[in-house]
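Taking it in order: structure first as structure tokens, then the write-up.
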2 protein chains.
Amino acid sequence: MKTHTLLMPLDMHLHLRDGVMLENIAPLSAYSFSGAIVMPNLVPPVTSLEDVQAYKKRIMAAVPNDYFEPYMTLFYKNYDKKFLESVVDEITAIKLYPAGITTNSDGGVSSFDIEQMRETLEAMSELEIPLCVHGETDGFVMDREAEFMSIYELLAQNFPKLKIIMEHITTKEAVAILDKYENLYATITVHHLLLTLDDVIGGMMMPHHFCKPIAKRPEDLDALLSVALEAHPKVMFGSDSAPHPQHKKEASGCAAGIFTAPIALQILCEIFEQYDKLENLQAFVSDNAQNIYGICPEFKEVTLVKEEFIVPEKYANVVPIYAQNALAWSIESVE
Amino acid sequence: MKTHTLLMPLDMHLHLRDGVMLENIAPLSAYSFSGAIVMPNLVPPVTSLEDVQAYKKRIMAAVPNDYFEPYMTLFYKNYDKKFLESVVDEITAIKLYPAGITTNSDGGVSSFDIEQMRETLEAMSELEIPLCVHGETDGFVMDREAEFMSIYELLAQNFPKLKIIMEHITTKEAVAILDKYENLYATITVHHLLLTLDDVIGGMMMPHHFCKPIAKRPEDLDALLSVALEAHPKVMFGSDSAPHPQHKKEASGCAAGIFTAPIALQILCEIFEQYDKLENLQAFVSDNAQNIYGICPEFKEVTLVKEEFIVPEKYANVVPIYAQNALAWSIESVE
């Protein structure tokens, strides 16, 4: 049986939530990943040293072993340098949300006034704290990411020493800008390597394919595949796995977010194998992230086997993508 | 209190379904409309004289009075002239669906081979039976209608005496083609005068705003408003009101269709008043259709009053658009 081994897989964009949801889902990521960048958009958001330490403690209490590193983040606000110096050892990045753009982002940035952000972003540059960005405007849904490119350019030009991660990119415009600035990087989800808008609303309406940013056009999917499959050195895997209880997804006013964490590696194997690029998966799911972030995860070896895996109907009360469908690859062992 | 009176409102594109659903919803349209073009996409579709007569009988049994005319349609297949001569007095139009493009359209046209369709379409031209068309390709969801324009052109050019109705148009491309061919006409729904894709998936995902064709971009909405508000003489109101039980809408794999029939006139009043075009509403909801189809509905006078109306949570088991929201206009009386 064909197998494929991945060393220290990393999920560079993960929502672990809190409370019972955290307890239900954190072990699933901890099983197959060495670590993950943990998003700070709790209610209220993670904005202090105490918040970070307490949240990390709750995460560690929820995972069954020591072989998973939650790389903690702060929710972006204008912080002063002294504060950032006090937290720099406890966080891996700071996550910026435009206000109101996605789940629990109300406290985000409402205008991109570079001068108002300068102190914080220069301090982050000096302290080598990467800035992770949810890059969408409040424009028409299919244009939001492309419209945000000018803000990425502004940030990249004004803060050339700041590592800027374009999170969960979905468009050819984001792919095109990647090599234009040395300090721009990107994460790509597994669902954005699979879906276009057709899979969300082209046939029936599929709440479990609904996320922000929304999946875009076929040519956008092609652009994302082109850099992911080649494991472009500035591109990392970040699942943006975002659990919501089933009753909040299958409802009028369905929440945005796709749950992929427990099956992301299996699906990535299938995609990379399909395009005969399995040899690049290691860089996409770990090596690039280690280089970009300068992190050294503890050893973990995940062996996948080409054996059918039926995706469960639910994990706790969360319906995953492809629920009850067959995947081509399974996880055989984790060491 | 401000009032506005409409004479013989007509809904030139309506789904009345069958069985219990028909019994529940037909009276709602019969109350405020003089008549409606009734879609034939039942399971199985309406394809014979007997089907038409029996369906009309079931509709008439479901409505409480004689003041509503169901203008019957056949589901397009290649029919011979003799057959069409036998049904011409019983139908008002024939509705063409590309195969599989929407609810119950599996038996539709799978390739637009003009020569194969010539006998039927020439007979329809001679017998003056209009052709109503669901104009979408099987392409990317945002492009489907625009891609269909070449098929409309082909039909319009090849059958210059055939009245071709572009049903429920949603794009600036369809608006642009309207005046290019004398024999092209269009219906526009009320929801496509309200919604863009932002209202479907731009915030939360809204199953009760999900329909086919999907609501498009802001510039498409503007184009539709421009011809509707002017009551362009080739444009008619057709609700495409399409009821589904609540459990089929608020679910994974939500069915396409928006239920508007009982509140369409109230919402149209609000839109036309907002743009200071109330004087054109009569042409949009009745006069244009009478001219295009050559029909003379029985007298009905619907008086609307500018008084708040709270949309019910449900009509039977069907959730309407804007459920539990306030509309600016109510129906005061129907005579």
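Overview of results
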read-out: Residue within segment B:137-149 that is part of a loop (DSSP other than H, G, I, E, B), more than 14 Å from chain A (Cβ to nearest Cβ) and either over 17 Å from B:Y293 (Cα atoms) or out of contact with any helix residue (DSSP H, G or I) (no Cβ under 9 Å at 6 or more places or on another chain) (or both) present; value: no
read-out: In segment B:210-220, the residues that are of a type outside the set (K, R) and within 16 Å of the chain's Cα centre (by Cα); value: B:F210, B:C211, B:P213, B:I214, B:A215
read-out: Enumeration of residues in segment B:98-120 that are in contact (Cβ under 8 Å) with a residue 12 or more places away in the chain, acidic (D, E) and assigned to a loop (DSSP other than H, G, I, E, B); value: none
read-out: Number of positions in segment A:184-209 that are outside any loop (DSSP other than H, G, I, E, B), within 14 Å of chain B (Cβ to nearest Cβ) and under 24 Å from A:F272 (Cβ atoms); value: 6
read-out: Failed condition for B:Y181, given (1) aromatic (F, W, Y); (2) away from chain A (no Cβ under 11 Å); (3) free of Cβ contacts under 8 Å to residues at least 60 places away in the same chain; (4) within 24 Å of A:M206 (Cα to Cα); value: (4)
read-out: Which numbered condition B:E273 misses (of (1) surrounded by fewer than 18 Cβ atoms within 10 Å (Cβ to Cβ); (2) touching a His at 6+ places or on another chain (Cβ under 9 Å); (3) within 14 Å of chain A (Cβ to nearest Cβ)); value: (3)
read-out: B:F284 among the aromatic types (F, W, Y), within 14 Å of another protein chain (Cβ to nearest Cβ) and buried (at least 19 other Cβ atoms within 10 Å of the Cβ); value: no
read-out: Contacts under 7 angstrom Cβ, first residue in segment B:242-258 being farther than 11 Å from B:P320 by Cβ and within 7 Å of chain A (Cβ to nearest Cβ), partner among the small types (G, A, S) and surrounded by fewer than 19 Cβ atoms within 10 Å (Cβ to Cβ), 6 or more apart; value: B:E250/A:A251; B:E250/A:S252
read-out: From B:K300, B:K314, residue being crowded, with 18+ Cβ neighbours inside 10 Å and among the charged types (D, E, K, R); value: B:K300
read-out: Per-region count, segment A:68-97, residues within 23 Å of A:A289 (Cα to Cα), among the hydroxyl-bearing types (S, T, Y) and assigned to a loop (DSSP other than H, G, I, E, B); value: 3
read-out: Hey, A:L96 within 14 Å of chain B (Cβ to nearest Cβ), buried (at least 22 other Cβ atoms within 10 Å of the Cβ), closer than 27 Å to A:H232 by Cα and out of contact with any Ser or Thr (no Cβ under 7 Å at 6 or more places or on another chain) or not; value: no
read-out: Number of the exception - B:E173 against (1) surrounded by 17 or more Cβ atoms within 10 Å (Cβ to Cβ); (2) without any contact (Cβ under 8 Å) to a residue 60 or more places away in the chain; (3) acidic (D, E); (4) in a loop (DSSP other than H, G, I, E, B); value: (4)
read-out: Residue ID - surrounded by the fewest Cβ atoms within 10 Å (Cβ to Cβ), chosen from residues in segment A:64-83 that are touching an Asp or Glu at 6+ places or on another chain (Cβ under 9 Å) and charged (D, E, K, R); value: A:D66
read-out: Subset of segment A:150-170 [surrounded by 22 or more Cβ atoms within 10 Å (Cβ to Cβ), part of a loop (DSSP other than H, G, I, E, B) and either within 14 Å of another protein chain (Cβ to nearest Cβ) or of a type in the set (A, V, I, L, M) (or both)]; value: A:I169, A:T170
read-out: One residue from A:A30, A:A26, A:A54, A:A36 being among the small types (G, A, S), under 30 Å from A:K81 (Cα atoms) and outside any strand (DSSP E or B); value: A:A54
read-out: Subset tally (residues that are assigned to a helix (DSSP H, G or I) and either of a type in the set (G, A, S) or surrounded by fewer than 17 Cβ atoms within 10 Å (Cβ to Cβ) (or both)) for segment A:121-136; value: 4
read-out: Single residue of A:A264, A:A223, A:A186 found to be touching a residue at least 40 places away in the same chain (Cβ under 8 Å) and either surrounded by fewer than 19 Cβ atoms within 10 Å (Cβ to Cβ) or more than 14 Å from the chain's Cα centre (by Cα) (or both); value: A:A223
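Values quoted throughout were computed directly from the atomic coordinates according to the rules given, and no laboratory measurement underlies them. On a predicted model such as this, the values are computed, not experimentally measured, just so you know. Quick reminder, even Gly has a Cβ in these numbers, built from the backbone with ideal geometry, and neighbours come from all protein chains shown.
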